[in-house]
Amino acid sequence: MPLNQTNFNYSVSWSDFTQRSSRPAGETEDAQIHPEISFDNFQLKAVGRGVGIKDVDIDINLVANDCWVVTSQMTNDLLLHEQGHYDILAINAREIYNKLVKLSAADTDKLQKKVDDLKEKMEKLTQQVDKRYDTKTDHSRIIKVQQQWNKKIAGEKQKSNGSLINLL
């Protein structure tokens, strides 16, 4: 089954970020990236007497007005850290896809409930991984730990069955 996912291997660059002279009020990090997943073109299939998902298009895009960086802090290490956040969401998107195409239910309403529950569960898991990533790396400031996470994230992203659970 093909994976219809746009921007899975996108490489973020500083041109994706709005440059700021200082952090927004209340922020403790030097940059923020905001990738989002959208779903389109759900294709259904018959499963016994019920219905399942044959295929779906998944897009990963940046919310441009919510990606920023403090200009004086624009380093390669920080950019790699922000790429890590993007890649965590990309792993999530692929994992959702792999689970969506296995879902089935008695009718479309029940299937929609399963889809919504899966999206919610995966969003919470992504938030947990992102939080742990930021805590362990101190938002990229602990270089050795950041390098370990870079390898860990890249390893999961390379596996066709890579999972966010393996990043916790």
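The values are calculated or read from the model by the stated rules, or taken from the named source; none is laboratory data. This one's a predicted model, so the numbers in the text were calculated from it and none came from an experiment. As a convention, Cβ positions derive from the backbone with ideal geometry for all residues, glycine included, and neighbour counts pool all protein chains shown. Areas reflect the complete protein model, heavy atoms only, side chains present, ligands, DNA and RNA absent. Shrake-Rupley method; radii C 1.70, N 1.55, O 1.52, S 1.80 Å.
Suppose accessible area is computed on protein heavy atoms with a 1.4 Å probe; arrange Leu103, Leu167 from highest to lowest.
Correct descending sequence by accessible area is Leu103, Leu167.
Against the globular-protein guess of 2.2 N^0.38 Å, express the Cα radius of gyration of the stretch 41-145 as a ratio, rounded to two decimals.
It is 1.40.
With every protein chain left in place and a probe of 1.4 Å, what is the accessible surface of Ser160, to the nearest 10 Å²?
Its heavy atoms expose roughly 90 Å² to the probe.
Under the definition of Cα pairs under 8 Å and six or more residues apart, what whole-number percent is the relative contact order of the chain?
Numbers: 239 pairs, mean separation 41.0, N = 168.
Contact order relative to length: 24 percent.
Provide the per residue accessible area, probe 1.4 Å, for the chain, rounded to a whole number of square angstrom.
Per-residue accessible area for the chain comes out at 56 Å².
For helix 143-158, report the angle its Cα long axis makes with the longest principal axis of the Cα atoms of the chain; keep it between 0 and 90° and round to the nearest 10°.
The angle comes out at about 20 degrees.
Averaging sequence separations of C-alpha pairs under 8 Å and six or more residues apart, then dividing by the length of the stretch 52-125, give the relative contact order as a whole percent.
On the way: 28 pairs, mean separation 35.4, N = 74.
Relative contact order here is 48 percent.
How far, in degrees from 0 to 90, does helix 108-137 lean away from the longest principal axis of the Cα atoms of the chain, to the nearest 10?
20 degrees
Among the lysines, select those whose C-alpha is under 27 Å from the C-alpha of Lys54, and discard any that sit fewer than 8 residues away in the same chain.
Leaving aside lysines fewer than 8 places away in the same chain, those within reach of Lys54 are Lys45, Lys99, Lys102, Lys110, Lys113, Lys114, Lys119, Lys121, Lys124, Lys157, Lys159.
Sum -39500 (n - 2.57) across every DSSP H segment of at least 4 residues in the chain, then divide by the residue count to get the 222 nm mean residue ellipticity, nearest 500.
Dividing the helical sum by the residues of the chain leaves -15000 deg cm²/dmol.
Where does helix 76-100 land angle-wise versus the long Cα axis of the chain, in degrees 0 to 90, nearest 10?
10 degrees
Which whole-number percent gives the relative contact order of the stretch 119-168, counting Cα pairs below 8 Å spaced six or more residues apart?
Once divided by the residue count of the stretch 119-168, the mean separation gives 36 percent.
Counting Lys and Arg as +1 and Asp and Glu as -1, each charge on the Cβ, what is the dipole of the chain about the Cα centre in debye, to the nearest 20?
Working: 23 positive and 24 negative charges, 161 e Å.
Value, rounded to 20: 780 debye.
Which order do the peptides 34-46, 137-149 take when ranked by the mean count of other beta-carbon atoms within 10 Å per residue, highest first?
Ranking the peptides 34-46, 137-149 by packing returns 137-149, 34-46.
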